[in-house]
Amino acid sequence: MTAQRREPGRYLDTLAYHCTPELVGDDVVYLRHLTTETQSLWKDLDQTCQQRYGNESAQAPYSIATTVLSVLTGGYVHFEPGGPQPFLASREPIDEKLLCRVFTLTHGLAQGTAIHEIDLRQAPQVAQAIAETPEIQVHLADHIRRQAGTQPIAPNWVFRTITWGLAQKLAGDWKVRDGLTIPLRADVTGQGCCVVA
């Protein structure tokens, strides 16, 4: 391998790790598989947003929900309402009542309702459906075990969530060379990567 010629500056080289059950350890996520009915309710909200903004590519702003839930649960939440396997995943369990309120808020804001006018006690059907979706605790290592030397076939939520625990494990001071230490901290945006502290 030849050294790259770079402009003077600060760089951080990265290294990829082979993700094994041993590396993942006892890491778990809390997962809610959305039903087709719930997914349909979310699509209706998307269509409402498309009409409201006059833009076919507009989506319901679910980042409102994931941001609020990330702050309240410790930083790691992912919501994927579309696709063949829609889900909500988090690093910590999420209370059903809290979940309903957060998606009620999201729904109201998506509809253009002023935040002070949103009644959290009057949950729309989509918020109730998401909150009532059963939450299961899942051990990530179970989904990346190889069968007879083949690559594991894992659902999309595994790839979205497996880095969360790994980022926590990698956070800290790393000695790289010649006594140089680089402090890494887990990313707080929920992407599950480490950044220079």
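Considering every residue within region 107-121, establish whether at least one is in contact with a Phe, Trp or Tyr (Cβ under 8 Å, 6 or more places away or on another chain) and modelled with pLDDT of 90 or more. Looking for residues that are in contact with a Phe, Trp or Tyr (Cβ under 8 Å, 6 or more places away or on another chain) and modelled with pLDDT of 90 or more, one finds none in region 107-121, hence no. Meeting the requirement of 3 or more residues that are over 22 Å from ASN156 (Cβ atoms), the helices (runs of 4 or more DSSP H) wholly within region 21-76 are 36-53, 63-73. Note on region 93-118: residues that are farther than 21 Å from VAL138 by Cβ, touching a residue at least 24 places away in the same chain (Cβ under 8 Å) and part of a loop (DSSP other than H, G, I, E, B) total 1. In this structure, SER70 does not qualify as of a type in the set (Ser, Thr, Tyr) and surrounded by 21 or more Cβ atoms within 10 Å (Cβ to Cβ). Do you know which of the residues in region 119-137 that are surrounded by fewer than 18 Cβ atoms within 10 Å (Cβ to Cβ) and of a type in the set (A, V, I, L, M) is farthest from the chain's Cα centre (by Cα)? Once the filter is applied, the top-ranked residue is LEU120. Looking only at residues in region 142-197 that are acidic (Asp, Glu) and either in contact with a Phe, Trp or Tyr (Cβ under 9 Å, 6 or more places away or on another chain) or farther than 17 Å from ASP26 by Cβ (or both), the one that is modelled with the highest pLDDT is ASP173. Looking across region 1-34, the residues that are closer than 30 Å to LEU99 by Cβ, surrounded by 15 or more Cβ atoms within 10 Å (Cβ to Cβ) and either at pLDDT 90 or above or among the aliphatic types (A, V, I, L, M) (or both) come down to VAL24, ASP27, VAL28, VAL29, TYR30, LEU31, ARG32, HIS33, LEU34. Considering only residues in region 145-159 that are under 18 Å from the mean Cα position of the chain (by Cα) and surrounded by fewer than 19 Cβ atoms within 10 Å (Cβ to Cβ), the one that is nearest to ALA186 (Cα to Cα) turns out to be PHE159.
Residues in region 130-162 that are assigned to a loop (DSSP other than H, G, I, E, B), under 28 Å from GLU37 (Cβ atoms) and not hydroxyl-bearing (Ser, Thr, Tyr): PRO134, GLU135, ILE153, ALA154, PRO155.
The values are calculated or read from the model by the stated rules, or taken from the named source; none is laboratory data. No experiment lies behind these values; they were computed from the predicted model shown. Note: ideal-geometry Cβ built from the backbone for every residue, glycine included; neighbour counts use all protein chains shown.
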